[in-house]
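Structure, as structure tokens:
Quick note: the coordinates plus some simple rules give every number you see, no bench work behind them. The model shown is predicted, which means the values in this text are computed figures rather than measured ones. Every residue, glycine among them, receives a Cβ derived from its backbone with ideal geometry; neighbour counts consider all protein chains shown.
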Amino acid sequence: MDGKIVIETKELTKNYDGVTVVDRLNLHIREKEIFGLLGPNGAGKTTTILMLLGLTEPASGSAWVFGYNPTREPLKVKRLAGYLPENVGFYNNLTARENLMFIAELNNISRAEANRKIDELLEIVGIGEVADSTVGKFSRGMKQRLGIADALIKNPKVAFLDEPTAGLDPEGINQTLDLIANLPQMGTTVVLSSHQLYQVQRVCHSIGILSKGKTVVEGSLDQLGREALAGGNYRIEVETAQPNPGLIDIVNKVPGVRKVEAKGNLLLVNADSDLRAEIAKAVVQSNTPLIQMKIQEFSLDDIYMKYFKED
């Protein structure tokens, strides 16, 4: 992502009863990206979000959210932020529509605009048909969907989503992830806290892995994935019709190629950049039939295992 950094922490630290739960945390989140905060329970993810929202004060260090210090200017941060807590709370005796209207009024949204936005959001999160049912009758998954609508009602510049798919069935999870993936196109930066690796990989551009309140690693999924698989290089798979021992030397001579391994009729190439075009040309000129080439895909499990286990 090439956007400017809009959320940043420097040595951010939080203690509870003498126990350090966030320990000198440094994060850098760019505008209109989806940033995944990863880590097991107790890693400090929720506490970090609460400090970024100005809902709890750090023991030391600082944070900035779109130029505002959440400790000194919490109201300014709250005006531009939407928040979905892990455990969503609503007025059970009010309908879904009434709950959202209450939030809209608190944010000085006109009734006409609120009605339009509420109808749109309830359809987007998949509970439009129960808009006028009392929330006390909702399942946890339905409340979770309503919570996402709540977080988006004021068109926030940043949305903090703490375990947004908790309590949802598989269809609801897919719908929610699709919604989150589209938020940057609406101008919203997203901070997503989760321990579901495949969900984070599906929607996030960058991640920060936390363990015991500390940053284990931070960066783009693409770069971290390449580092986990090939020491920061691109890993290119080259499949040919038949083994050709001489092909290793030929591909090794392509500028930018770092290493070539052969496994039968498959070459595994480590390179500084995506050199598929250059490698394909070298293979074809060697009169070796080329079947296919692809960048080796990585799993967030690869990143998590490399960095989290090393912590």
Pop out the Kirkwood hydrodynamic radius of region 233-296 from its pairwise C-alpha distances, inverse of mean 1/r, in Å to one decimal.
11.2 Å
Under 15 Å, Cβ to Cβ, from K281 - net charge with Lys/Arg +1 and Asp/Glu -1
0
Env charge @ E11, Cβ radius under 12 Å, K,R +1 / D,E -1, value +2
What FRET efficiency would be calculated for the residue pair N15, N287, taking the C-beta separation as r and a Förster radius of 45 Å, to the nearest 0.05?
0.10
Quickly work out the D169-to-S220 label distance, labels modelled 7 Å from Cα along the C-beta direction, and quote it in nm with one decimal.
3.9 nm
Quick one: net charge of S139's neighbours, Cβ under 15 Å, K/R +1, D/E -1?
+1
For the charge dipole of region 5-224, defined by +1 on Lys and Arg C-beta atoms and -1 on Asp and Glu C-beta atoms about the Cα centroid, which residue among A149, V21, G89 has the Cα displaced farthest towards the positive pole?
V21
What value, in deg cm²/dmol to 500, does the helix sum -39500 (n - 2.57) over DSSP H runs of n ≥ 4 give at 222 nm once divided by the residues of the chain?
-9500 deg cm²/dmol
Given the options L146, L122, L290, state which has the largest fluctuation in a GNM of the chain using a 10 Å cut-off (strictly under) for Cα springs.
L290
Residues of region 72-110 with amide N under 18 Å of a point placed 7 Å along Cα→Cβ from D132:
93-102
From fewest to most C-beta neighbours within 10 Å, the residues L106, L275, L52, L221 line up as L106, L221, L275, L52
Counting other Cβ atoms within 10 Å, which trypsin sites (Lys or Arg not before Pro) in region 202-311 have at most 10 and lie in a DSSP loop?
K253
Please report, ordered by residue number, every helix of the chain (full DSSP H runs) that is 15 Å or longer along its axis going by C-alpha atoms and whose mean Kyte-Doolittle hydropathy reaches 0.0.
96-106
With 23 Å as the limit, write out which pairs from K259/K281; K10/K76; K32/K143 have Cα-Cα distances beyond it, or answer none.
K32/K143
Quick one: putting +1 on the C-beta of Lys and Arg, -1 on the C-beta of Asp and Glu, what dipole do you get for region 5-224 around its Cα centre, in Debye to the nearest 20?
460 debye
